[in-house]
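The values are calculated or read from the model by the stated rules, or taken from the named source; none is laboratory data. Values in this document were obtained by computation on a predicted structure and should not be read as measured data. Every residue, glycine as well, gets a Cβ built from its backbone with ideal geometry; the counts of neighbours run over all protein chains shown.
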Amino acid sequence: MRIEKSLESTKEKSRSNKKNRRGKKKSMPSSVQKLFDTCKEVFSAGGAGIVPSPGDVERLQLVLDNMKPADVGLNQEMTYFQRMKSKGAPPITYLHLYECDKFSIGIFCLPPSGVIPLHNHPGMTVFSKLLFGSMHIKSYDWADIPCSSDKTLNPSYFQPSGVQLAEVKTDAVFTAPCKPLILYPAAGGNMHCFTAKTSCAVLDVLGPPYNDSEGRHCTYYHDYPYASFSDLHRNGSPTPPHRTCIYA
Ligand SMILES: [Fe+2]
């Protein structure tokens, strides 16, 4: 595991620095090492649906905010980020940095027009730091629909089977440098879709990570404007703003 190794090499470096440069200040840990150490602390009591405290969220956000492409050995000239001549969707590369049962760290490398389709993060808190480039992000949370005694007003009556109503949380273009985005198990845009406007790299921290055996699958969705389901208007209610129908 690269980060554990880097932890070791940092310790070794620190030891040799002490020997060779006695009296000088200890060397600073690398940004990646700092990220790893902070994640270890922030997600130490983590699990599905467990959100770190606001103080811990802010701490991790700050560490990510200071990270640069060079800290993870990336630059825009690398082949991961080049536009391909072949037809079809440009390939997305995922660079896996670390995973344990509490959290995972990785980087998505997108060439221009690369798309990560709409997907969810069940029970997770996710930090996404755009390291460079410009990216359109559209995110949703499930809409909270109060139940009614009138069955024609209940979601199960007017929603086609398998379709659920969602609310748009974010629909904007982000350009680095910008603050890390944070999503939560039931808020902040737990389902999102990334579209690269230019080549870009996104550093993702997931706590806890996806785990099929624990029921945390990555599900991909299709989204349709609320208005495209005519049955939804049976009761004559107006189209609520920022609402979309989503199905897996
Ligand atoms: Fe994601």
Residue list for the stretch 186-216, filter: away from the ligand (no atom under 13 Å from the Cβ), surrounded by fewer than 20 Cβ atoms within 10 Å (Cβ to Cβ) and farther than 28 Å from MET78 by Cα | ALA186, ALA187, ASN211, ASP212, SER213, GLU214, GLY215
May I ask you to list pairs of residues, at least six apart or on different chains, whose Cβ atoms are under 7 Å apart, with the first in the stretch 119-130 being more than 11 Å from the ligand (Cβ to nearest atom) and the second being among the aromatic types (Phe, Trp, Tyr)?
-> THR125/TYR184; LEU130/PHE174
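May I ask you to verify whether CYS100 is modelled with pLDDT under 95 and farther than 29 Å from THR198 by Cα? Quick ask: steps written out before the conclusion?
On the way: modelled with pLDDT under 95: no; farther than 29 Å from THR198 by Cα: yes.
No.
Could you identify the single residue in LEU97, LEU60 that is crowded, with 19+ Cβ neighbours inside 10 Å, closer than 25 Å to ARG216 by Cα, touching a residue at least 40 places away in the same chain (Cβ under 8 Å) and within 16 Å of the ligand (Cβ to nearest atom)?
Numbers: LEU60 fails: within 16 Å of the ligand (Cβ to nearest atom).
Only one candidate qualifies: LEU97.
For every residue, the table says whether it meets (1) at pLDDT below 95; (2) within 21 Å of MET191 (Cβ to Cβ); (3) aliphatic (A, V, I, L, M); (4) buried (at least 18 other Cβ atoms within 10 Å of the Cβ).
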{"residue": "GLY55", "(1), (2), (3), (4)": "no, no, no, no"}
{"residue": "ASP65", "(1), (2), (3), (4)": "no, no, no, no"}
{"residue": "LYS68", "(1), (2), (3), (4)": "no, no, no, no"}
{"residue": "ASN75", "(1), (2), (3), (4)": "yes, no, no, no"}
{"residue": "MET84", "(1), (2), (3), (4)": "yes, no, yes, no"}
{"residue": "PRO91", "(1), (2), (3), (4)": "yes, no, no, no"}
{"residue": "CYS109", "(1), (2), (3), (4)": "no, no, no, yes"}
{"residue": "MET135", "(1), (2), (3), (4)": "no, yes, yes, yes"}
{"residue": "ASP144", "(1), (2), (3), (4)": "yes, yes, no, no"}
